[in-house]
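Participant: Quick one: the structure is below, questions incoming.
The numbers here are math on the coordinates, done by the rules we state, and not lab data. Keep in mind it's a predicted model, so treat the numbers as computed, not measured. FYI the Cβ positions are ideal-geometry reconstructions off the backbone, even for glycines, and counts take in every protein chain you see.
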């Protein structure tokens, strides 16, 4: 809390930002999976961005090669607003006990009427992540692949870190990316060997 106020942050895409501006509210679907009933609020811009980037809702296969614009909401609750929201169970705290890599924070249950709270938006342009960062962030949850420190890529022949599923061949991040983003041809079976 800053000067008694609770200051929180939430990151979304330009599309989520435009929906929030048009409706005057921030709905859970703007920043989480459609079935999720809350808006995740974090204690810093960095934690909000990390949360958004980890969300499957925002997973984009062009992250390695394209710049993306994100919008970060800074939402301030007065002490009275925070107390009332906690008492009404609209606002709850969330601190995962068994995942120290994930920043906790708060959850607003339902839609947030932006007119009711002091807030401001910041636009951030994120440079392309590159294939390695994309793979580190998403490959295991997409394919179940495990990272191998170094090996020969079965796709391009390069000697580098790679990912393998079970006992299958090792592939570098760029080859995995190409495989995931390229529709399978019906006659070739569409799989990495």
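Participant: Please report the relative contact order for the stretch 6-126, taking Cα pairs under 8 Å with a sequence separation of at least 6, and give it as a percent rounded to a whole number.
Facilitator: Once divided by the residue count of the stretch 6-126, the mean separation gives 35 percent.
Participant: Going from the alpha-carbon gyration tensor of the stretch 6-126, what semi-axes, largest first and in whole Å, does one get by taking the root of 5 times each eigenvalue?
Facilitator: Computed over the stretch 6-126, the values are 23, 17, 13 Å.
Participant: Right, another one. So, by mean Cβ neighbours within 10 angstrom, what's the order for 118-130, 162-174 with the highest one leading?
Facilitator: Ranked from most to least packed, the peptides come out as 162-174, 118-130.
Participant: Counting other beta carbons within 10 Å of each Cβ, put 69, 7 in order, fewest first.
Facilitator: Fewest-to-most Cβ neighbours within 10 Å comes out as 69, 7.
Participant: Rounded to two decimals, what is Rg over Rh for the stretch 101-175 when you use alpha-carbon atoms and the Kirkwood radius?
Facilitator: Rg divided by Rh gives 1.23.
Participant: Give the order of 159, 10, 49 when sorted by the count of other beta carbons within 10 angstrom, beginning with the fewest.
Facilitator: Ranked by crowding around the Cβ, least crowded first: 159, 49, 10.
Participant: Where does the stretch 131-188 land on Rg/Rh, using Cα atoms and the Kirkwood Rh?
Facilitator: My calculation puts Rg/Rh at 0.96.
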